[in-house]
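A quick write-up on the structure given underneath.
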Amino acid sequence: MEPERCEECGFDGTRLTTSDSIAALRSMGRRWREVFRDVPEERLRKRPDPQTWSPLEYAAHTRDVLALVGWGMHQVLEGGRPSFDAIEPDPPGTDHGYNELDPQRVLDELASNAERVAARGDRALPEHWKRTATMGGVETDAGRLLRHAVHDASHHLRDVERDLAI
């Protein structure tokens with residue numbers, strides 16, 4: 001299975017060790033809070049266009065992805081070769097009601113989810129990272145899930161930083 005790469009944000013899964021990934025996840029709460037600091041709440045809820053999420057929507061999406069990927073990674077690390085349905089990405093601009101949420105609570109939950117994934121990664125033995133699962137008919141391993149959590153959180157943080165810089 002090929003490592004995850006993203007031309008848009010420059011993510012390269014071959015460059016992240018397990019330790020690097022865990023450290024990156026542990027930094028997510030702080031990094032997201034820094035980006036949101038001193039930004040008026042109405043700006044956090046503002047979409048740049050109808051097809052692009054607001055900063056708050058990106059944060060809530062990231063919170064949810066960290067929870068979902070963390071749960072899946074935990075299942076794989078426990079062994080037994082689980083099988084998951086494919087996860088289809090939302091069409092651009094899908095409204096999940098995220099803009100109605102409290103920004104501080106979303107950031108707290110994002111940080112908590114990122115820490116939970118990192119802590120679970122800390123408890124894994126080196127040989128556990130090669131354990132596999134099937135996701136939508138495609139084989140993946142626990143290490144790839146860990147790196148995907150880092151990619152998703154970092155990619156969307158970059159999206160938000162660009163939006164707020166305008």
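We did not get these values from a lab; they are worked out from the coordinates using the rules stated. This one's a predicted model, so the numbers in the text were calculated from it and none came from an experiment. A quick note on method: Cβ atoms are made from the backbone with ideal geometry, for glycine too, and the neighbour counts reach across all protein chains shown.
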Hz values of 3J(HN,Hα) by residue in segment 94-108 - Karplus curve (6.51, -1.76, 1.60), Gly and Pro given as x: 4, 9, 9, x, 4, 5, 8, 7, 7, x, 5, 5, 4, 5, 5
Farthest positive-ward along segment 1-121 dipole, Cα basis, beta-carbon charges - from P92, G29, T52: G29
C-alpha long axis of helix 55-77 to longest principal axis of the chain, angle in °: 10 degrees
In segment 1-59, the GluC sites (Glu not before Pro) that fall in loop regions by DSSP, at most 10 other Cβ within 10 Å: E7, E8
Computed magnitude of the charge dipole of segment 15-165 (debye, nearest 20; Cβ of K, R +1, Cβ of D, E -1): 580 debye
All-pairs alpha carbon distance profile, segment 1-82, 5 Å steps from 0, percent: 3, 11, 13, 21, 21, 14, 10, 4, 2, 0
Computed [θ] at 222 nm, deg cm²/dmol, the chain (DSSP H ≥ 4; -39,500 (n - 2.57); rounded to nearest 500): -18500 deg cm²/dmol
